[in-house]
C-alpha cells in the first residue's frame, strides 16, 4: 500500500465521486469515415472514478469512441468533454487522458524504465531527473514489476509487457485511463488475474477507467457501467446487473450472458407482460423487461429464457406451479465443474440450453438420450423486441 | 541433459551434420573465390606496388621504400576535395532525402506511394552518363548562366565548380539515401506515434524521440552507401568538375594512366582504403553507441 502514496486516499476519492460530476461526456457525437458512420449521434456521461466498458462486436464503434476520447479522432459533429472541459480542438498530447494500447505499443528502442518515464519527460516545465526516477520506480512497484526498469521490453512476457504499458499510462496520473482490449493477447488464466488486478488498481488510484472489449465476461466482471454498442449507437447503457436482468432487446440479452430465444408474434399484452405465439401456434407468456420497451399486439417479439431459470426434472416430477411444462430428450451434456449444461430437444420449442448447478443430483445422473421434463415460470421469462 | 545429448549424437546424425557443413562450404565457395581473386589478391598487389618505385619507362619496379607514402601531401588537393565533398554530399543527400522518404512512407496515400516510388527510380532507366551530360548543359554556358544573364543577373559561372560537382552528386545519389530510410520508416509502427502523442509529446517531440531513433538503421545504411560510393567517385568530378574540382579517383586515373607512376598511385589508393576503413568504423561505433537496439539489416 505504501507504494500508492501518490494516489489520493480512498475516502477522498469516495467523497469526490459522491458528488459524481461526469468525467467523460459525449454530447451528440458523430464520427464518419467516408460513407461509414462509425459513431452515430451518441450522448452519455461516465461518472468520475468509475470503471466503464464499451462492449460490442468489431465495427460497432467502440474503438472509435475510445479514440475520440483520446483525441486521435475529432468528431464530425457534437463534442467530447473531459473533466467538464470541452475537448474541441484539443490535440491528443494536451488531453488529461492516457491509453493502454491493444498490442501495448511499447517503444522498442527504450528499456522498461524509459518507457514508463516517457510521459514524465514530456512535462513542461521539466521535472527533475530524481523526481522522474522516483515516480517511475513507484509506478513499476504499483504494477508489481519492481526492479525491472533496466530490462528491454522484448525480453518480457506478454503479461509483463501489459503491466509496463499500464505503468506507462498511469505514471502521468491521468484523469481518465483508456484501455483498448488490453487483455486480448493474454492467455485465459493470466487474463483472469489481470482482470482482478485492474479492478484493484482502479479502486486504489481512483481514476476513471474506460475499457473497450468484445469479451462480455470481461466487461461484466470488471465494470461499474457498460455501454452495449451496435452500428455506431449505444443500444443500452447501465450496470452489469441491469444489462443481465433487464436487457432492452434481444441483441443485449444475446450479448450479455446466454439465453434461449423463442421467436413469435405478440398476440396479447397486459401491464406485466405479453403472450407471444410461436410459428407452431404455441402461446407463451413472459413479463416485460424492466428496462425494455413494451411491445404491442401484432409486433414481432422473442421470449428470452436464461439457461439457469429453466428447471429440469425426471419425467413427471416437475413442480406444479410452472407456467410451462414439456417433455424433451437430452441431446448433449457438457460438464463444466461447478455446473453442467444440457441441451434438451423439446418437440414444440426446439433445442433449449439448460444449466444445472453441481448440487442438483440430476446434474450427474442425466445422460444424453434420456427423457426429462423441463419448465419455467412466466415471470422468469422476458418478452423482448426481436432486434 | 547429458543423456539426451549423447543419445542424439548417433552416427547417422553426425553424418548428417557433416554433410550439412559440406553444403554450407559448397554454397559459400563461389563468393569466397570471387572475393579472394577480385578483392584480397588485387589489394595485396596494390600494397606491394605501393612500396615499389616507378620503372624508368613507367609502371612498376620492385623495391622497398616508403617514399610514395611520404609523398602523399603532394596530392593534398585531391584528398581535401574528397574529404570535404563526400561528407558534405552525404549530408545534403540526408537532409534532402529524409523528408522525401518520410513523405513517401508516412504521408502519401497507398494509391500514390507506388507511383511516387517509381518516379524515384525512373532516372535509373537512362544511362548515368547521359544524365550527367544533361547537367553539363543545364549548368554550362548555355544553361542556367545564360538564363541568369538574360535576366540581367550578370555573368555567373556554375560549371566546373564545387557547386556543379555537388549538384551531380546529390542528383545521382539521392535515391540511394531515400530507399533505406523509406524502408525503415515504412515498417515503423504508427501506433508508437499515437502512444507518444498520447503521453504528451507534440508532433516535433514525437519525431525527435520516436521516429528519428527508430529510423536510425535506415539513416545509417543510407549514409554508408552514399559516403562509401562518393569516396571512390570519379565520373561526376571528371564531367562536372572539368579538372578543376577533382577527387582521389581522378588523381588515381591521372597517376596510373598519364604519369604511369604505378607505385605512387598504389600508395594513394592504399591511403584511400585506410581513410575509408577508419572513418566508416568510427562512424559505426558512434552510431552503435547511441542507436540502442541493433537492426540486423544495417551494414
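The values are calculated or read from the model by the stated rules, or taken from the named source; none is laboratory data. What you see is a predicted model; the values in this text were computed from it and never measured. Quick reminder, even Gly has a Cβ in these numbers, built from the backbone with ideal geometry, and neighbours come from all protein chains shown.
When we screen B:253, B:268, B:226, B:245 for residues that are outside any helix (DSSP H, G or I) and touching a residue at least 12 places away in the same chain (Cβ under 8 Å), the only hit is B:245.
Of the residues making up segment B:20-54, not one is in contact with a helix residue (DSSP H, G or I) (Cβ under 6 Å, 6 or more places away or on another chain) and over 20 Å from residue B:259 (Cβ atoms).
In this structure, is residue B:280 within 22 Å of residue B:92 (Cα to Cα), in contact (Cβ under 8 Å) with a residue 12 or more places away in the chain, under 24 Å from the mean Cα position of the chain (by Cα) and assigned to a loop (DSSP other than H, G, I, E, B)? No: the conditions fail for residue B:280.
Of the residues making up segment A:85-109, those that are part of a strand (DSSP E or B) and facing chain B (nearest Cβ under 7 Å) are A:98, A:99.
Does residue B:71 fit the bill of being in the same structural domain as residue B:176 (by TED's automatic domain parsing), modelled with pLDDT of 90 or more and over 30 Å from residue B:185 (Cβ atoms)? Considered against the rule, which asks whether it is in the same structural domain as residue B:176 (by TED's automatic domain parsing), modelled with pLDDT of 90 or more and over 30 Å from residue B:185 (Cβ atoms), residue B:71 comes out as no. Selection over segment A:196-219 of residues that are in a helix (DSSP H, G or I) and surrounded by fewer than 18 Cβ atoms within 10 Å (Cβ to Cβ) gives a count of 7. The set of residues in segment B:177-194 that are facing chain A (nearest Cβ under 7 Å) and touching a residue at least 12 places away in the same chain (Cβ under 8 Å) contains only B:192. Residues in segment A:38-49 include none that are at pLDDT 90 or above and within 14 Å of chain B (Cβ to nearest Cβ). Against the test of being assigned to a loop (DSSP other than H, G, I, E, B) and in contact with a helix residue (DSSP H, G or I) (Cβ under 7 Å, 6 or more places away or on another chain), the options A:304, A:318, A:291 yield a single qualifying residue, A:291. The residues listed here are B:159, B:136; of these, the one that is touching a helix residue (DSSP H, G or I) at 6+ places or on another chain (Cβ under 8 Å), surrounded by 14 or more Cβ atoms within 10 Å (Cβ to Cβ), on the phi < 0 side of the Ramachandran plot and assigned to a loop (DSSP other than H, G, I, E, B) is B:159.
Just one of (1) within 10 Å of another protein chain (Cβ to nearest Cβ); (2) at negative phi; (3) in contact (Cβ under 8 Å) with a residue 24 or more places away in the chain fails for residue A:121. It is (3).
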